[in-house]
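Working notes for the structure below.
The values are calculated or read from the model by the stated rules, or taken from the named source; none is laboratory data. Note that the structure is predicted; figures quoted are calculated from it, not measured. No Cβ is skipped: glycine too gets one built from the backbone with ideal geometry, and neighbour counts run over all protein chains shown. These area figures cover heavy atoms from the full protein model, side chains too; ligands, DNA and RNA do not enter into them. Shrake-Rupley method; radii C 1.70, N 1.55, O 1.52, S 1.80 Å.
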Amino acid sequence: EVDVDVVTSGRVLLLDGHDVAAAVRGAEQARRAGIPTVLDIDNFYPGTEKLLPLIDFTICSSNFPERATGETDLKLALKKLYERSGSRLVASTTGKEGVIAYFEGQYIHSPAFEIDCLDTTGAGDSFNAGFLHAWLRGAPTIDCLRLGAACGALSTLGLGGTARQPDRAEAERLLRR
């Protein structure tokens, strides 16, 4: 069950690829309402090929582009995924290497922050929060990626997926550093 009022109540719809049928339905409803869609995805599940064309921003793990395209070179896989999906941006979080994105015909790399990592659980979710916060404020794409990377890095300072979420001021301090 996907409630159209809930799906269209925000300024953006963040989806994952776990329940593909629900994600497709939600993305279709968001598209009809003019709500941008973001997909946080790690695995290629049956039906994912129906979901990808409905997504405006794909943010994935470092392994997903290869799973989706068969291409082993990450940059080439990102470009192929961009071309196949219809997303405006395809980005891959790569842990210690940071994040690399394919956007408007070019690659954008935002390096990782050096930090004393305790636990990476939830770092991708924190990345998404930072990225979307910057994007909703109209920031340039590189700044969206950098804030996402800062939030993801800071979240690794605690144990567990929700134990250590940075606020905007803390993330901005890391960005200035």
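Miscellaneous remarks
- In whole angstrom, region 2-97 maps to an equivalent ellipsoid with semi-axes of 24, 12, 11, each derived as √(5λ) from the alpha carbon gyration tensor and ordered largest first.
- Note on Lys96/Ala22: beta-carbon distance plugged into 1/(1 + (r/R0)^6) with R0 of 25 Å gives a FRET efficiency of 0.15.
- Pairs of C-alpha atoms in the chain farther apart than 28 Å represent 20 percent of all such pairs.
- For Thr121, the residues 5 or more places off, or on other chains, whose built amide H falls under 5 Å of its own are Gly160.
- Residues whose amide H lies under 5 Å from that of Phe103, counting only those 5 or more places away or on a different chain, are Ile108; hydrogens are built 1.01 Å from N in the peptide plane.
- Arg168/Tyr107 FRET efficiency (R0 35 Å; Cβ-Cβ; nearest 0.05): 0.80
- Degrees separating the helix 123-136 axis from the principal Cα axis of the chain, which is the longest one: 80 degrees
- Compared with the dominant Cα axis of the chain, that is its longest principal axis, helix 74-85 is turned about 30°.
- Computed over the chain, the per-residue total of -39500 (n - 2.57) for DSSP H runs of n ≥ 4 gives a 222 nm mean residue ellipticity of -13000 deg cm²/dmol, rounded to 500.
- Convex hull (Cα only) mean projected area of region 1-48, reported in nm² to one decimal: 3.0 nm²
- Estimated inter-spin distance, Arg11 and Arg177, nm [label 7 Å along Cα→Cβ]: 2.8 nm
- Top positive-direction residue, dipole computed over the chain with Cβ charges, set Leu159, Leu76, Ser61: Leu76
- Residues in region 169-175 carry Karplus couplings, in order, of 4, 5, 5, 5, 4, 5, 4 Hz; the curve used is 6.51 cos²θ - 1.76 cosθ + 1.60 with θ = phi - 60°, and Gly or Pro positions show x.
- Which of Ala150, Gly105, Ile115, positive extreme of dipole for region 1-151 (C-beta unit charges): Gly105
- Sequence-distant residues sharing a close amide H with Leu15 (under 5 Å, placed H): Val38, Leu39, Asp40
- As a calculated quantity, the FRET efficiency between Lys50 and Leu157 at R0 = 45 Å, using C-beta atoms, amounts to about 0.75.
- Hz values of 3J(HN,Hα) by residue in region 44-51 - Karplus curve (6.51, -1.76, 1.60), Gly and Pro given as x: 9, 8, x, x, 4, 4, 7, 7
- Asp3 - accessible surface, heavy atoms, 1.4 Å probe, Å² rounded to 10: 80 Å²
- Where both bridge residues fall in region 52-177, DSSP classifies roughly 65% of the beta bridges as antiparallel.
- With all protein chains in place and a 1.4 Å probe, the accessible surface of the chain carries 49 percent carbon and sulfur.
- Value of D in µm² per second that Stokes-Einstein yields for region 101-146, Kirkwood Rh from Cα pairs, at 4 °C (1.567 mPa s): 109 µm²/s
- Magnitude of the charge dipole, the chain, Cβ model with Lys/Arg +1 and Asp/Glu -1, debye to 20: 480 debye
- In sequence order, calculated HN-Hα J values of region 21-37 (Karplus, 6.51, -1.76, 1.60; Hz; x Gly/Pro): 4, 5, 5, 4, 4, x, 5, 5, 5, 4, 4, 4, 8, x, 8, x, 10
- Nearest-10 value in Å² for the accessible area of Lys79, using the 1.4 Å probe: 80 Å²
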